[in-house]
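The structure appears right after this line, and notes come after that.
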Amino acid sequence: MKVFLSVDMEGICGVVGEKETDPENGGEAYRANCRRMTAEANAAIEGAVKAGATEVLVADSHWNFDNLIPEELNEAATLLRGGPRPFSMVQDLDGSFDAVLCVGYHAMAGTPRAIIDHTFTGRIRSVEVNNRAVGETGLNAYLAGEFGVPVVLVTGDTALAAEARALLKGVHTVAVKEAVSTNAAKHLHPRKACDLIRMEAEKAVREAAELEPLVASKPVALAIEFKHTENADLAELEPQVTRVGGTRIEFSAPDFREAFRIFYACLHMA
Ligand SMILES: [Zn+2]
């Protein structure tokens, strides 16, 4: 059984501010968060292995994709580290995998009482897939769905857990913290967070065959609402997109992989 584990940092237990997730300016706080991120990744790997996973590909999916500490990662895993990567947080995921686990994730841009709510960058106000607002969890779940693979576990704060459950039927979630604002939260003890992640990862991987992948209907209509007109001015350089008003672009693609490639190109342009 093959499991894909995508690990971000904002949803890790203990993380509350963007600066402490910044490899260049985060200093000791950032390095502490790398250790916590590695511990939560290990908890998920242990749970997956207990449930019968024989291969676990771990995609480091925060900032420059080089935060997890290789020596400290569970030896059962293979680590995908560094970028650029056209499929970003789920690079090299394909139909040979049985389940996707998302650890340390955060809620979509604009979510109230959610730690560092954003969608890929701070320049995006919202993203819609076939008229449905989604964040990183949804976009990655649609990519996985293209290969028939379900997202079975999502961990982060309570707002993210609610977002995941609203989108993904039967998904397992672990809330390691409850935000009171975008930069403050009440936290479980980090060891307790890891225990819960290990337990839910095991249950989720055992149930993987019963969970439905999230499949986008085709053709896929994708819209990006930016925060500033300049972002849309630059994203509009992508030939596939249509400018709609000051801050919005829209496009359509034959499948979700293609939609994501155009989305990601727009994002880098903007
Ligand atoms: Zn991140």
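Key figures for this structure:
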quantity	calculated
First in the stretch 97-119 and under 16 Å from Trp63 (Cβ atoms), second anywhere and within 13 Å of the ligand (Cβ to nearest atom) and of a type in the set (Gly, Ala, Ser), Cβ under 6 Å, 6 or more apart	Gly104/Gly11; Tyr105/Gly11; Tyr105/Gly156; His106/Gly11; His106/Gly156; His118/Ala109; Thr119/Ala109; Thr119/Gly135
Ala32 being crowded, with 22+ Cβ neighbours inside 10 Å and over 17 Å from the mean Cα position of the chain (by Cα)	no
Any hit, the stretch 236-249, residues being surrounded by 15 or more Cβ atoms within 10 Å (Cβ to Cβ) and within 18 Å of the chain's Cα centre (by Cα)	no
Those strands (runs of 3 or more DSSP E) lying entirely in the stretch 149-190 with at least 3 residues free of Cβ contacts under 8 Å to residues at least 40 places away in the same chain	172-181
Hey, Ala29 aliphatic (A, V, I, L, M), assigned to a helix (DSSP H, G or I), out of contact with any strand residue (DSSP E or B) (no Cβ under 7 Å at 6 or more places or on another chain) and within 16 Å of the ligand (Cβ to nearest atom) or not	yes
Residues being charged (D, E, K, R) and part of a helix (DSSP H, G or I) - total across the stretch 117-138	1
Unmet criterion (only one of (1) part of a loop (DSSP other than H, G, I, E, B); (2) more than 16 Å from the ligand (Cβ to nearest atom)) for Glu24	(2)
Residue identified as among the acidic types (Asp, Glu), within 15 Å of the ligand (Cβ to nearest atom), closer than 23 Å to Pro150 by Cα and not in a helix (DSSP H, G or I) among Glu40, Glu10	Glu10
Test set (1) within 15 Å of the ligand (Cβ to nearest atom); (2) farther than 27 Å from Ser181 by Cα; (3) among the hydroxyl-bearing types (Ser, Thr, Tyr) - Thr119 fails condition number	(2)
Check on Val129, among the aliphatic types (A, V, I, L, M) and away from the ligand (no atom under 16 Å from the Cβ)	yes
Contacts under 9 angstrom Cβ, first residue in the stretch 46-72 being away from the ligand (no atom under 16 Å from the Cβ), partner at pLDDT below 95 and among the aliphatic types (A, V, I, L, M), 6 or more apart	none
Residues within the stretch 119-143 that are surrounded by 22 or more Cβ atoms within 10 Å (Cβ to Cβ), out of contact with any strand residue (DSSP E or B) (no Cβ under 6 Å at 6 or more places or on another chain) and within 17 Å of Val16 (Cα to Cα), tallied	0
Cβ pairs under 8 Å, 6+ apart, first in the stretch 223-244 and free of Cβ contacts under 8 Å to residues at least 60 places away in the same chain, second buried (at least 17 other Cβ atoms within 10 Å of the Cβ) and among the charged types (D, E, K, R)	Ala232/Arg248
Residue check, Glu20 under 20 Å from Glu178 (Cα atoms) and among the charged types (D, E, K, R)	yes
Residues of the stretch 89-116 classified as away from the ligand (no atom under 14 Å from the Cβ) and part of a strand (DSSP E or B), total	3
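The values are calculated or read from the model by the stated rules, or taken from the named source; none is laboratory data. Keep in mind that what you see is a predicted model, and the values were worked out from it rather than measured. Every residue, glycine as well, gets a Cβ built from its backbone with ideal geometry; the counts of neighbours run over all protein chains shown.
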